[in-house]
Amino acid sequence: RARLDDLRERSAVTLEGVNIELLANVETEEDIDLMHAAGSDGIGLYRTEMVFMTGNGVPTEEVQYQAYRRIVERANRAPVTIRTLDLGADKQVDGVGRGGAIATNPALGLRAIRLCLKDPSLFYPQLRAILRASVYGKLRLMLPMLTNVEELLQAVQFIEDVKRELRQANVPFDDDILIGGMIEVPAAALDADAFAR
């Protein structure tokens, strides 16, 4: 640990001179203090489901916005990648999913992006909250558990719809927010060329 501490302030660069971005996974605001202490370049994954699991049921758009804004502000201009809701399997929230429950088999169940696309009343407020928080730092948006390009295109349409609503209401947001996806399902990995396009 002492040897690693000595490396904390040094840049992560390969022998060929390629800079490597070292980013932290964050679940709570307290994790940001650890991230800064470790010398991380930013947040590579902020798990939004923690906001859903700390209260009673589904948090409002305003509760989510305040949580995301605090994370972005505490990152001190470092990049922050916020992953949209990834509930299912081991992460359950009362009142979310069919009959208030989500199947425990992530391959067959209603989970992550599938759940969000099926339930716009869950997805829209989260997208609005993320986009509203995007003006406070270098925020990026990541979609979890994508299995096919159609899911990606549908999610992007949701994002564009929310952007249009925010523009019409004169609510500021980063119109150039980067959008990415987690390629973690075998079907998505096999279709990586289509996702890349």
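The values are calculated or read from the model by the stated rules, or taken from the named source; none is laboratory data. Keep in mind it's a predicted model, so treat the numbers as computed, not measured. Cβ: placed from backbone, ideal geometry, glycine included. Neighbour counts: every protein chain shown. Each accessible area value is taken on the protein alone, full model and side chains, heavy atoms only, with ligands, DNA and RNA left out. Shrake-Rupley method; radii C 1.70, N 1.55, O 1.52, S 1.80 Å.
May I ask for the Kirkwood hydrodynamic radius of the stretch 1-65, worked out over all distinct Cα pairs and given in angstroms to one decimal?
Details: mean 1/r = 0.0711 Å⁻¹.
About 14.1 Å for the stretch 1-65.
Any idea how far the Cα center of the stretch 140-197 sits from the one of the stretch 1-44, in Å?
Using only Cα atoms to place each centre, the spacing works out to 27 Å.
Quote the FRET efficiency, to the nearest 0.05, computed for LEU178 versus ASP5 with a Förster distance R0 of 30 Å and r equal to the Cβ-Cβ distance. Working shown, then result.
Values: r = 32 Å, r/R0 = 1.06.
According to the calculation, E is roughly 0.40.
Once you list every other residue whose beta carbon is under 12 Å from the beta carbon of LEU178, what net charge do they have if Lys and Arg are +1 and Asp and Glu are -1? Intermediate values should be presented prior to the final figure.
On the way: positive: LYS138, ARG140; negative: ASP174, ASP175, ASP176.
With Lys, Arg at +1 and Asp, Glu at -1, the net is -1.
Counting only helical runs of four or more DSSP H residues, what would the 222 nm mean residue ellipticity of the chain come to if each run contributes -39,500 (n - 2.57) and the total is spread over all its residues? Mind showing how you got there, number by number?
Working: 9 runs with 86 residues, N = 197.
Using -39500 (n - 2.57) per qualifying helix, the result is -12500 deg cm²/dmol.
Quick one: 3J(HN,Hα) in Hz for the stretch 149-165, Karplus 6.51/-1.76/1.60 with θ = phi - 60°, rounded, Gly and Pro as x.
5, 4, 4, 4, 5, 5, 5, 4, 5, 4, 4, 5, 4, 5, 4, 4, 4
At a 1.4 Å probe radius, which order do SER134, SER40, SER11 fall into by accessible area, largest first?
Numbers: SER134 5, SER40 30, SER11 95 Å².
Greatest to least solvent exposure: SER11, SER40, SER134.
Ignoring ligands, DNA and RNA, please state the percent of accessible area on the chain from carbon and sulfur, probe 1.4 Å. Could you put the intermediate results ahead of the total?
Details: 5480 of 10740 Å².
Roughly 51 percent, rounded to a whole number.
May I ask you to give the solvent-accessible area per residue for the chain, in square angstrom, as obtained with a 1.4 angstrom probe?
Details: 10740 Å² over 197 residues.
Value for the chain: 55 Å² per residue.
Set the Förster radius R0 to 30 Å, insert the Cβ-Cβ distance between ALA38 and VAL63 as r into 1/(1 + (r/R0)^6), and round the FRET efficiency to 0.05.
Efficiency, from the Cβ-Cβ distance: 0.60.
Amide H of ARG140 versus every other amide H placed in the peptide plane: which residues, excluding those fewer than 5 positions away on the same chain, fall under 5 Å?
VAL80, THR81, ILE82
If you count, for each residue, the other Cβ atoms within 10 Å and average over each peptide, how do 143-156, 161-174, 42-55 line up from highest to lowest?
On the way: 143-156: 17.6, 161-174: 13.6, 42-55: 19.7.
Highest-to-lowest ranking by the protection proxy: 42-55, 143-156, 161-174.
Sort ARG69, ARG10 by accessible area with a 1.4 Å probe, largest first. Write out the running numbers ahead of the final one.
On the way: ARG69 70, ARG10 165 Å².
Final ranking, largest accessible area leading: ARG10, ARG69.
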